[in-house]
Amino acid sequence: MVVGLGNPGGEYNFTRHNFGFLALDFYFRLNDLSWGSTPRYGAITGRRGDVLFVKPQNFYNDSGRSVAEIARYYKIATSDILVICDNFDLDFGKIRSRETGSAGGNNGLKSVTSALGTDNYPRIRLGTGNEELRRKMGDVEFVLSRFTAEEKEQLPEILRAVAGKIDEFCGL
């Protein structure tokens, strides 16, 4: 299962906190896949072979509820769940993959960890860091802000790299 974290609703499109959703949507366009039209277990889902892709439709800080429900229903081991999220402590464009680990202050990962009862699941953190902008706005406004024009120019390259990591995880 590959999970992208984000907030539901058009007003959150292309915000830093929706980097996980953006990564999955990019992956789906690259591979000519389509999302299901009806949410199941509080999430929009799609498939590529045996891999289930998930965009929880609860808000970011409550994403774990859907992830855990789907994992239980399909009997997916936590080590077979890849979670993709933003991270403002990483420089913009940096991609960090880990097999396990702490939430590191990310409320979406905290929710997933709490709902699964473990932090033993792989994750990809996508750097959104922009210290100057973050200082001006504060953390909450920063994560809900849209990417700058310069950052948008870099998104295709970053998202292609993430798509490669997804394929690697899925053995494709």
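Residue count for region 59-84, restricted to those that are farther than 13 Å from residue 4 by Cβ, open to solvent by less than 30 Å² (accessible area, probe 1.4 Å) and assigned to a loop (DSSP other than H, G, I, E, B): 0. Checking the structure you have, find out if any residue of region 11-30 is open to solvent by 40 Å² or more (accessible area, probe 1.4 Å) and either farther than 29 Å from residue 139 by Cβ or basic (Lys, Arg) (or both). Within region 11-30, one or more residues are open to solvent by 40 Å² or more (accessible area, probe 1.4 Å) and either farther than 29 Å from residue 139 by Cβ or basic (Lys, Arg) (or both).
Checked against (1) among the polar types (S, T, N, Q); (2) open to solvent by less than 40 Å² (accessible area, probe 1.4 Å); (3) out of contact with any helix residue (DSSP H, G or I) (no Cβ under 8 Å at 6 or more places or on another chain), residue 148 passes all but a single condition, namely (3). Among the candidates 123, 160, the residue that is exposed (fewer than 15 other Cβ atoms within 10 Å of the Cβ) and not small (Gly, Ala, Ser) is uniquely 160. Take the conditions in contact with a Lys or Arg (Cβ under 9 Å, 6 or more places away or on another chain), over 13 Å from residue 5 (Cβ atoms), surrounded by fewer than 16 Cβ atoms within 10 Å (Cβ to Cβ) and modelled with pLDDT of 95 or more and apply them to residue 96. Does it pass? Answer is yes for this residue. Residue 97: part of a helix (DSSP H, G or I), of a type in the set (S, T, N, Q) and either within 20 Å of residue 159 (Cα to Cα) or touching a residue at least 24 places away in the same chain (Cβ under 8 Å) (or both), yes or no? No: the conditions fail for residue 97.
The values are calculated or read from the model by the stated rules, or taken from the named source; none is laboratory data. What you see is a predicted model; the values in this text were computed from it and never measured. Ideal geometry is used to build each Cβ from the backbone, glycine not excepted, and the neighbour counts take in all protein chains shown. Calculation scope for accessible area: heavy atoms of the full protein, side chains included, ligands and nucleic acids excluded. Shrake-Rupley method; radii C 1.70, N 1.55, O 1.52, S 1.80 Å.
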